[in-house]
Amino acid sequence: MSNLVNAVSKYLSGKKYIPVGILGPYDSSALDAIVKAKEAGWIRPVIIGSWPIEPDRGIKQLAVEGDLRALRDKALSMLEAGTLAALLHTGPVDEGVLSFIDTLQGGNNTAASYVTLFLSLKENRLTLFTDTLVNRTPGLKEKHCIVLNASMLAQKLGIQRPTVAALAPIEIVNPAIPSTIKAAALAKMCERGQLGDVILEGPLAMDNAESSDAAMHKGISSPVPGNVDIYLFPDLESAMLTTQFVSIAGGIMTAGCLLGTRWPLIIRAPFEPDGAWLPNIALGLLVAVEAT
């Protein structure tokens, strides 16, 4: 995990002592990461509620009466006032957390989405999977936002013009398979400059996304196959299954970042290890605007 932390944290230049509110139940692995981030000078943490920690940890605790919903309301008011720039939420990503994500969304033209990040074994390059947590069956409008979210993060990670593979079961447009139609529409939107500074190709099956030779064999001439930065999955089920396979069967360490919200909300997805907290904090800070 240290390689992944280093790959992300080197882009935190200028991000110092960002005020981050901590919500949710006590989590020892999260606390370890919070302390490391504090000692590295990344964050100035404030626990909203009460955790059983020693005073010598040097972490401020803000006593708030009420349940978790009351704590979230307090955190939201602190974000709106500018006293916090981001939140870290421990505990399971349940309906309460998903509802809170909806509250944090930016407006009608935005959609929250989750990016899973890892260093690929093939080239040791940063690779992004999306959406791996939030949107169960995204339509074209949501996929547009998901691409914009992921490309923004990729650019903050030094990938100047990300390549995006819009995945589908097959690489030809089939009216009976909606994911192929959405992928083709996204490719046309990219061609007309509606997705920002990215190169998107689709629909692509996984074999021709991974291999330029396989793509050429299918008549696909594009700079994306064999050189993918962002894998855009058809739906949540395929994204989560692939992410779990990479993490468990491949033994690859992953981290993640929630995007498309007005302020960063740092969480740990169910398929991420305890050690993901530190790189997840770094990723959240990349997209944070420092509070005044």
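I'm trying to understand the selection: among the residues of the range 121-155, which are in a helix (DSSP H, G or I) and either of a type in the set (Val, Ile, Thr) or touching a His at 6+ places or on another chain (Cβ under 8 Å) (or both)? Write out each step before concluding.
Taking the range 121-155 as the starting set, the residues that turn out to be in a helix (DSSP H, G or I) are 140-155.
Matches in the range 121-155: 146, 147.
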Report yes if residue 51 is aromatic (Phe, Trp, Tyr), outside the structural domain of residue 127 (by TED's automatic domain parsing) and surrounded by 21 or more Cβ atoms within 10 Å (Cβ to Cβ), otherwise no.
-> no
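Does residue 267 qualify as being within 16 Å of residue 43 (Cβ to Cβ), in contact with a helix residue (DSSP H, G or I) (Cβ under 9 Å, 6 or more places away or on another chain) and either of a type outside the set (S, T, N, Q) or not assigned by TED's automatic domain parsing to the domain that holds residue 14 (or both)?
Yes.
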Collect the residues in the range 213-227 that are outside any loop (DSSP other than H, G, I, E, B) and closer than 14 Å to residue 165 by Cβ, keeping them in residue-number order.
-> 214, 215
Identify, by number, the condition in (1) in the same structural domain as residue 86 (by TED's automatic domain parsing); (2) surrounded by fewer than 24 Cβ atoms within 10 Å (Cβ to Cβ) that residue 188 doesn't meet.
-> (1)
Unmet criterion (only one of (1) more than 25 Å from residue 275 (Cβ to Cβ); (2) touching a helix residue (DSSP H, G or I) at 6+ places or on another chain (Cβ under 8 Å)) for residue 45 = (1)
Checking residue 161 against (1) farther than 17 Å from residue 257 by Cα; (2) crowded, with 24+ Cβ neighbours inside 10 Å, the condition it does not meet = (2)
Expected output for the range 230-245 (first residue assigned to a helix (DSSP H, G or I), partner at pLDDT below 95, Cβ below 7 Å, 6+ apart or cross-chain) is 240/271; 243/271; 244/271
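The values are calculated or read from the model by the stated rules, or taken from the named source; none is laboratory data. These numbers come from a predicted model, not from an experiment. Backbone-built Cβ (ideal geometry, glycine too); neighbour counts: all protein chains shown.
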